[in-house]
Amino acid sequence: MKRIFLFLLILSVAAFAGDMKSLKVGDKAPSFALKNYDGKDFTLEKLLKENKYTVLMWISTECPVSNAYNERMVKLYDAYAGKSIAFVGMNSNKAEKVSDIEKHSKEKGFKFPVLKDDMNKIADLYSAQVTPEVFVLDLKGSIVYHGRIDDSKNAEKVEKKDLAAALDALLAGKKIENAETKAFGCTVKRVEKPQLSE
């Protein structure tokens, strides 16, 4: 009986790992429909229709690494304003409520929406692992950049502005030099998955 249970447990873990298959540059981005903290609806289809590029940023109200990027995210939004690039914050942490997101967004001066991903369903579809973590999509919904915003939590020690470089290349019609980088930060705090019972 224990061997059968162990076998079933291994199968369930393998199935979950399959669901969490990492997306790569060139893959089609999964669709979603979420709400901003003010109740406004956002769908991926509408974002793609209205913009040349869409930047999805997994962020957190509590993660110190994510918070170290608050000012940089605002500056990025401002730098690319009017260039048909949408910036969208994604919050998938189970303990961070809509009211927390609203307060945080207003205090930090975010001009972009921050969508609440209940039950981290969209984070699972994208296999988003940390905050901050970025996916850039073209108008067809293909992932053209994935990874970090830049190479240092400390703004004064940044040497490679990876996201800005990717956006600049896209706007210039050039190939992105480093389209896949390793994001770093706090893990996305997911809801606990139901356990199999004996």
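Odds and ends about this structure:
- Subset of region 126-142 [part of a strand (DSSP E or B) and farther than 17 Å from Leu171 by Cβ]: Val130, Thr131, Glu133, Phe135
- Count - residues of region 87-112 that are under 26 Å from Lys24 (Cβ atoms), crowded, with 20+ Cβ neighbours inside 10 Å and out of contact with any Pro (no Cβ under 9 Å at 6 or more places or on another chain): 4
- Restricting Leu167, Leu125, Leu139 to those that are over 17 Å from Val65 (Cβ atoms), in contact with a Leu (Cβ under 7 Å, 6 or more places away or on another chain) and either basic (Lys, Arg) or surrounded by 14 or more Cβ atoms within 10 Å (Cβ to Cβ) (or both) reduces the list to Leu139.
- Checked against (1) touching a residue at least 40 places away in the same chain (Cβ under 8 Å); (2) farther than 20 Å from Tyr69 by Cβ; (3) among the acidic types (Asp, Glu), Asp150 passes all but condition (2).
- If you go through region 69-104 and keep only what is in a helix (DSSP H, G or I) and closer than 21 Å to Ala123 by Cα, you end up with Asn70, Met73, Val98, Ser99, Asp100, Ile101, Glu102, His104.
- One residue from Lys161, Lys153, Lys174 being over 19 Å from Lys83 (Cβ atoms) and modelled with pLDDT of 95 or more: Lys153
- Any hit, region 15-31, residues being assigned to a strand (DSSP E or B) and at pLDDT 95 or above: yes
- Glu156 being within 26 Å of Asn51 (Cβ to Cβ) and charged (D, E, K, R): no
- Options Leu163, Leu171: the member that is of a type outside the set (S, T, N, Q) and over 20 Å from the mean Cα position of the chain (by Cα): Leu171
- Scope region 105-119; condition assigned to a helix (DSSP H, G or I), under 20 Å from Tyr69 (Cα atoms) and not charged (D, E, K, R); matching residues: Ser105
- Verdict on Ile122 being under 24 Å from Asp27 (Cβ atoms), assigned to a helix (DSSP H, G or I) and either in contact with a strand residue (DSSP E or B) (Cβ under 7 Å, 6 or more places away or on another chain) or not charged (D, E, K, R) (or both): yes
- The set of residues in region 97-116 that are out of contact with any strand residue (DSSP E or B) (no Cβ under 6 Å at 6 or more places or on another chain) and at negative phi comprises Lys97, Ser99, Asp100, Glu102, Lys103, His104, Lys106, Glu107, Lys108, Phe110, Lys111.
The values are calculated or read from the model by the stated rules, or taken from the named source; none is laboratory data. Small disclaimer: the values here were computed from a predicted structure and weren't measured. Ideal geometry is used to build each Cβ from the backbone, glycine not excepted, and the neighbour counts take in all protein chains shown.
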